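Note sheet for the following structure.
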Amino acid sequence: MRLSANGLVHYLLDRRILDPAVVTGGTLQVIERSRRNRNYLVRRPPLPGLFVKQVQQWVPQAAASLQREASCYWAIASQPAGEPLRGLVPQFEGHDPARQLLITRLIEDSENLGDQLRRTFHYPVGTAKLLGRLLGTCHRHLLPALQAAGQAAAFPGEVPWILQLPQQAAQGLSSMSAGNAELVRLLGQYPDFQTRLQQLAGGWRRDTMIHGDLKWDNLLVGQADHQVLRLVDWELADSGDPCWDVGAVLQGFLASWLASMPDTANGGAEYLMASARHPLDAMLPAVRAFWAAYRDHAPDHGLDGAALLARSVACAGARMIQTAYEYLQYSGQISTHALRLLQLSLNVLTRPADAQRDLLGL
């Protein structure tokens with residue numbers, strides 16, 4: 001049963017997570033922040049607040065995703081191997097599989113990195129270093145923590161859906177938005193897309209626990225202390241290829257650069273690049289800082305640095321298609337921004353060495 005705000009209060013009281021004095025004293029706040037899931041912020045002074053997530057649709061896929069996230073947080077909180085990750089992800093407070101509900105400590109005084117970057121138009125090198133350290137630490141320690149907790153076998157090791165999109169999506173065009181149907185048709189017109197995506201899928205590794213949905217909006221930066229960075233929303237965590245997470249960060253820089261260009265079909269490439277509010281050159285110190293910090297903290301993936309970076313850049317190209325697809329989820333037609341993402345994606349996938357050097361400065 002999905003819980004209303006009032007029902008949630010009774011639920012937390014029944015489980016002695018809430019003190020009745022907080023309720024009767026008038027200091028309790030329950031604020032709904034629902035999106036894909038039903039989310040609540042619960043403030044219960046003087047104790048730390050809570051973040052409660054409950055699935056909206058009671059279907060096996062949603063329950064499995066919430067279970068993945070809960071398993072990660074529980075392993076980190078309960079296993080000595082997870083100790084280096086505490087403070088880098090939300091703190092586990094409880095999981096109720098019957099109600100498909102997860103409770104974590106509320107992360108106060110923070111904003112997601114996407115909002116911060118859109119507000120400031122600035123990519124701090126210090127934050128990029130923190131992100132590289134955070135991701136490398138997660139890749140090094142999360143799988144051992146899950147193995148120690150007996151939870152690692154529950155993760156299926158699936159290849160990201162976007163790597164299989166061109167050959168699978170043709171049958172489902174009628175269920176997509178018109179914008180995404182047009183995107184899929186465009187992918188089919190360029191054989192290089194399918195070839196490169198199949199190559200990435202064929203070389204998929206399953207030796208690291210990855211986040212699987214790493215984007216700016218899933219990174220929370222402390223507002224008072226910018227040295228605090230946390231990675232949230234681990235619903236797509238899986239045993240997988242570390243290059244997918246690294247590539248997601250690299251494409252985040254490139255996608256932000258494209259998104260900051262004027263939304264017009266007029267003007268050549270030089271005009272658009274000169275008009276970008278997030279100039280690519282200004283991002284490069286942060287890109288380099290992220291990569292250096294990741295290499296310093298990541299485990300030995302069995303690839304030398306050059307091979308790891310080359311595959312990560314290719315994954316960035318694939319992840320850019322996913323960004324375009326998500327952007328068009330409710331769109332009636334393909335947009336100028338999505339077309340730019342697809343064009344850059346094709347350039348990155350077919351010429352990864354050039355993208356690594358000329359776009360990312362690595």
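The values are calculated or read from the model by the stated rules, or taken from the named source; none is laboratory data. What you are looking at is a predicted structure, and each value in this text was computed from that prediction instead of being measured. Virtual Cβ from ideal backbone geometry, glycine too; neighbours counted across all protein chains shown.
Of the residues making up region 95-116, those that are over 20 Å from the mean Cα position of the chain (by Cα), crowded, with 16+ Cβ neighbours inside 10 Å and touching a residue at least 40 places away in the same chain (Cβ under 8 Å) are Q100, L101. For Q322, the test of being assigned to a loop (DSSP other than H, G, I, E, B), within 22 Å of Q194 (Cα to Cα) and touching a residue at least 60 places away in the same chain (Cβ under 8 Å) is failed. Scanning region 217-237 for residues that are under 21 Å from L346 (Cα atoms) and not in a loop (DSSP other than H, G, I, E, B) turns up nothing. Being at pLDDT 90 or above, within 28 Å of the chain's Cα centre (by Cα) and more than 25 Å from L236 (Cβ to Cβ) holds for only one residue in R38, R43, and it is R43.
Applying a threshold of 8 Å to beta carbon distances and a minimum spacing of six or more residues, or different chains, the list of pairs starting in region 219-238 at a residue that is on the phi > 0 side of the Ramachandran plot and ending at one that is of a type in the set (D, E, K, R) reads D233/E69; D233/D213. Every condition in (1) touching a helix residue (DSSP H, G or I) at 6+ places or on another chain (Cβ under 7 Å); (2) surrounded by 14 or more Cβ atoms within 10 Å (Cβ to Cβ) is met by S65 except one, and the failing one is (1).
Is at least one residue of region 198-209 under 16 Å from V348 (Cβ atoms), at pLDDT 85 or above and surrounded by 22 or more Cβ atoms within 10 Å (Cβ to Cβ)? Among the residues of region 198-209, at least one is under 16 Å from V348 (Cβ atoms), at pLDDT 85 or above and surrounded by 22 or more Cβ atoms within 10 Å (Cβ to Cβ), which makes the answer yes. Of the residues making up region 259-269, at least one is crowded, with 20+ Cβ neighbours inside 10 Å, at pLDDT below 95 and over 19 Å from the mean Cα position of the chain (by Cα). If I ask for residues that are part of a helix (DSSP H, G or I) and farther than 15 Å from P45 by Cα, which ones from region 1-12 would you list? Matches in region 1-12: A5, N6, G7, L8, H10, Y11. Within region 264-306, the set of residues being in a loop (DSSP other than H, G, I, E, B) and of a type in the set (G, A, S) comprises A265, G267, G268, A276, A298, G302.
Quick check on my filter: what residues within region 16-45 are surrounded by fewer than 11 Cβ atoms within 10 Å (Cβ to Cβ) and under 16 Å from I103 (Cβ atoms)? Answer for region 16-45, where residues must be surrounded by fewer than 11 Cβ atoms within 10 Å (Cβ to Cβ) and under 16 Å from I103 (Cβ atoms): just R16.
Within region 193-216, being assigned to a helix (DSSP H, G or I) and within 22 Å of T323 (Cβ to Cβ) holds for F193, Q194, T195, R196, L197, Q198, Q199, L200, A201, W216.
Of the numbered criteria (1) at positive phi; (2) crowded, with 22+ Cβ neighbours inside 10 Å; (3) not hydrophobic (A, V, I, L, M, F, W, C), the one G302 fails is (2).
Is it true that L328 is more than 17 Å from I162 (Cβ to Cβ) and either touching a residue at least 12 places away in the same chain (Cβ under 8 Å) or assigned by TED's automatic domain parsing to the domain that holds D192 (or both)? It is false that L328 is more than 17 Å from I162 (Cβ to Cβ) and either touching a residue at least 12 places away in the same chain (Cβ under 8 Å) or assigned by TED's automatic domain parsing to the domain that holds D192 (or both).
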